[in-house]
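Below is one structure, written out as structure tokens; comments come after it.
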Amino acid sequence: MICPKCRKNHAHRSPRSGFRDRAAHWLFLKPYVCADCDKRFYAYPGGGRGPTVRMEAEMRMWELRRTKSWRTFRRNWLGFAIAAVLFAVALYVLAVQRPGAG
């Protein structure tokens with residue numbers, strides 16, 4: 001993470017403490033602190049854009065994670081949809097009375 005004050009790549013996540021951090025949490029902001037200048041700032045953890053906050057490598061990494069999670073999500077829903085259709089077909093076959101069976 002790049003510090004917005006000194007522009008060095010020495011910022012890291014900081015634990016939440018106090019009202020300000022808790023309020024920022026409701027806006028999906030995470031606290032960071034710079035190891036060089038001790039500047040405390042907030043950023044979106046999901047790959048927020050902007051040259052003052054994220055390095056290019058970090059943005060590429062977050063894009064890859066988003067793409068991978070979207071593929072997993074899509075695959076899971078496709079499997080669920082196929083299972084639901086097969087279940088509905090099985091119920092239909094069991095519920096339909098066959099002619100001459102009784």
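Any read-out appearing in this document is the output of simple, stated calculations on the displayed coordinates, not a laboratory observation. Note that the coordinates shown come from a computational prediction; the quantities given were computed from them, not determined experimentally. Neighbour counts run over all protein chains shown; Cβ positions are idealised from the backbone, glycine included.
Relative to the longest principal axis of the Cα atoms of the chain, the long axis of helix 56-95 lies at roughly 20 degrees.
Using modelled backbone amide H atoms (1.01 Å from N, in-plane), which distant-in-sequence or interchain residues come within less than 5 Å of Ala43's amide H? Those lying under 5 Å, H to H, from Ala43 are Lys30, Tyr32. Estimated from helical segments only, the mean residue ellipticity of the chain at 222 nm is -17000 deg cm²/dmol, where each DSSP H run of four or more residues counts as -39500 (n - 2.57). Other residues within the sphere of radius under 15 Å centred on the Cβ of Leu27, judged by their own Cβ, net out at +3 (K and R +1, D and E -1).
Taking other Cβ atoms within 10 Å as a rough exposure proxy, Glu63, Glu58 sort from fewest to most as Glu63, Glu58. Peptide packing: for 70-77, 6-13, the average count of neighbouring Cβ atoms within 10 Å per residue gives the ranking 6-13, 70-77, highest mean first. Exposure proxy for Tyr44, Tyr92: other Cβ atoms within 10 Å of each Cβ, ordered fewest to most, give Tyr92, Tyr44.
The candidate values were (1) 68, 32, 20; (2) 60, 29, 25; (3) 86, 32, 16; the one computed from these coordinates for Cα extents along the principal axes in Å carries the label (3).
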